[in-house]
Structure formats: structure tokens, C-alpha cells
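The structure appears below as C-alpha cells.
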Amino acid sequence: MVREKALAVARGLDPAEKQRERNAAPTFAEFAEAYLDKYAKVHKRSWKEDQRSIRVELLPSWANKKVQDIERRDVIALLDKIAAHGARIQANRTLALIRKMYNWGIGRDLVITNPCLQIPAPGKETQRDRVLTEGEIRAVWAAFESQSPLICAMFKLRLVTAQRGGEVSSMAWADVDLENGWWVIPAERAKNGLTHRVPLSELALSILTPVRDLGDNSEWV
């Protein structure tokens, strides 16, 4: 041991300094908190999903580990544990989150390597191609009409514009051009962070017009 230390010092490597650096390195819990505060909450509308996954999937196993001590074997073991419960798609999401966290950490000089390197996704994902039949559309349309006028309009617009629920529910009159049949979803309210225009069909316009005539003077549809 003494000889090994002497050789390390001769090569310019100070074992005591390396130990001090390791002791000063953040734990995974501290690293995760920094990721959430400095990246996820700032850049991701879905940051609460990251927060939940970190709390439920990652911290129980890794909270007190030094962030640089997490190895590929640790990641694989964690993913295998999640997949063993039949949650292979959740294992995929967890792998993507860990990979993102460490890539962010490399960019901030908090870690040197990413333990997710060359780890394949545990579960095979297939694109969903399920669509409503005409009978199902009639049934849900009738169900919408049993709700209050605003709730009814919101769900009908989701159906006829094929836009996300959060984007429809946050629609502002300033973004709607009823005369020309356009709705502009601003970048700050779009899930993908990109501004895009949605054409409003005659059916969509027929849903929006009565809502405007309710006359509550709100900036929100």
C-alpha cells in the first residue's frame, strides 16, 4: 500500500487530494436536486414527472451514494428491478431520465462520465395507432354535451383540433383569429416549446363562437 502511494505521488497523483475531491463531490440526492432546480424546472414543463421518478425510482437506491460512484452495473440493476415488476416502459423512461441527468452534469462539470453509456432500453415500445370509431365519437360527443358549456367546449375542441389538453385549456383569445380560422399556440404554452399554428375548421369555429358570446370578458377562452 505504501509503495502504491509512493508510485502515485511520483506520477503526480496525490492520493490524499483525490480522497478530498471525492469527499467534496455531491451525493446523488444533491445532484438530483441541482438537476431539478437548475435544469428541469427551468426548461421542462413536465419537470414534475422527473421529480416523481427521482423520488420514487432513484433516491431509494442511490440517495447517499456519491454521484460519480454510480456505475453501469448500478443502472442496469435498477432498470432490471423496475422491469421485473412488469413496468418495462417505465424502465425506459427511467433510463432516459438518468441519461439526461448525467449529460447535464457533464455539461456543468459535476461528473466526468455517463453510466448509461450503451445501455439499451429495457422495453420495446410500439407506436399507438388506436383511433375512435364513428360510434365512439358520437358517444363521447353526447357525453360532452352533458357537461357545463365551457367544459363541453374544451373537450370538443380537443377532439376536433387534435391538440393536447393543456394547450386547449390554456387557449387565450389573443391567440385566436376567428375571422381567418387560425389558432396560434405560443412557445411558452406548447409542450414542445415551439410556436405553431392550428387551423380552425368550421366545426371548431362553431364551438368557439358561443364561448366568446358568453361575455365574461376573460382573456382566456
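The values are calculated or read from the model by the stated rules, or taken from the named source; none is laboratory data. On a predicted model such as this, the values are computed, not experimentally measured, just so you know. Counting neighbours? That spans all protein chains shown, and the Cβs are built from the backbone with ideal geometry, glycine included. When the accessible area is computed, the model is the full protein with side chains, heavy atoms only, and any ligands, DNA or RNA have been set aside. Shrake-Rupley method; radii C 1.70, N 1.55, O 1.52, S 1.80 Å.
Please list the radius of gyration and Dmax for segment 38-93, considering alpha-carbon atoms only, with Å as the unit.
12.4, 33
Can you check what the net charge comes to around I89, using other residues whose Cβ is under 10 Å from the Cβ of I89 (Lys, Arg +1; Asp, Glu -1)?
Residues near I89 contribute +2 overall.
Whole number please: convex hull volume per residue of the Cα set in segment 112-217, in Å³?
178
Roughly how tilted is helix 15-24, in degrees to the nearest 10 and between 0 and 90, from the longest Cα axis of the chain?
Here the helix axis deviates by roughly 30 degrees.
Diagonalise the Cα gyration tensor of segment 79-136 and give the resulting equivalent ellipsoid semi-axes, square root of 5 times each eigenvalue, largest first, whole Å.
Values: eigenvalues 211, 46, 14 Å².
After scaling each eigenvalue by five and taking roots: 32, 15, 9 Å.
For the Cα atoms of the chain, what angle does the longest principal axis make with the long axis of helix 72-84, in degrees from 0 to 90, nearest 10?
Roughly 40 degrees between the two axes.
Relative to the first principal axis of the alpha-carbon coordinates of the chain, what is the inclination of helix 202-212, with its axis defined by its Cα atoms, in degrees from 0 to 90 and to the nearest 10?
90
Just how far, in whole angstrom, is segment 38-94 from segment 154-210 if you go by their alpha carbon centroids?
Comparing the Cα centres of segment 154-210 and segment 38-94, I get a distance of 35 Å.
Give me the accessible area of W141, 1.4 Å probe, in Å² rounded to the nearest 10.
Only protein atoms counted, so the area is about 60 Å².
If I take R0 = 25 Å and measure r between the Cβ atoms of H85 and S46 in this structure, what FRET efficiency does the formula 1/(1 + (r/R0)^6) give, to the nearest 0.05?
0.65
Could you tell me, in Å, what Rg and Dmax come out for the Cα atoms of segment 63-105?
Using the Cα atoms of segment 63-105, the pair Rg, Dmax is 10.8, 30 Å.
How much space per residue, in cubic angstrom, does the convex hull of the C-alpha atoms of the chain take up?
187
Could you state the accessible area per residue of segment 61-140 in Å², with a 1.4 Å probe and every protein chain left in place?
Counting only protein heavy atoms, the per-residue value for segment 61-140 is 68 Å².
To two decimal places, what compactness ratio does segment 162-204 give when its Cα radius of gyration is scaled by 2.2 N^0.38 Å?
1.08
Please list the non-local residues whose amide H lies under 5 Å from the amide H of H196, H modeled 1.01 Å from N, same-chain partners needing a gap of 5 or more.
Under 5 Å from the amide H of H196: I185.
At 7 Å along Cα-to-Cβ for each site, give me the label-to-label distance between R197 and W182 in nm.
0.3
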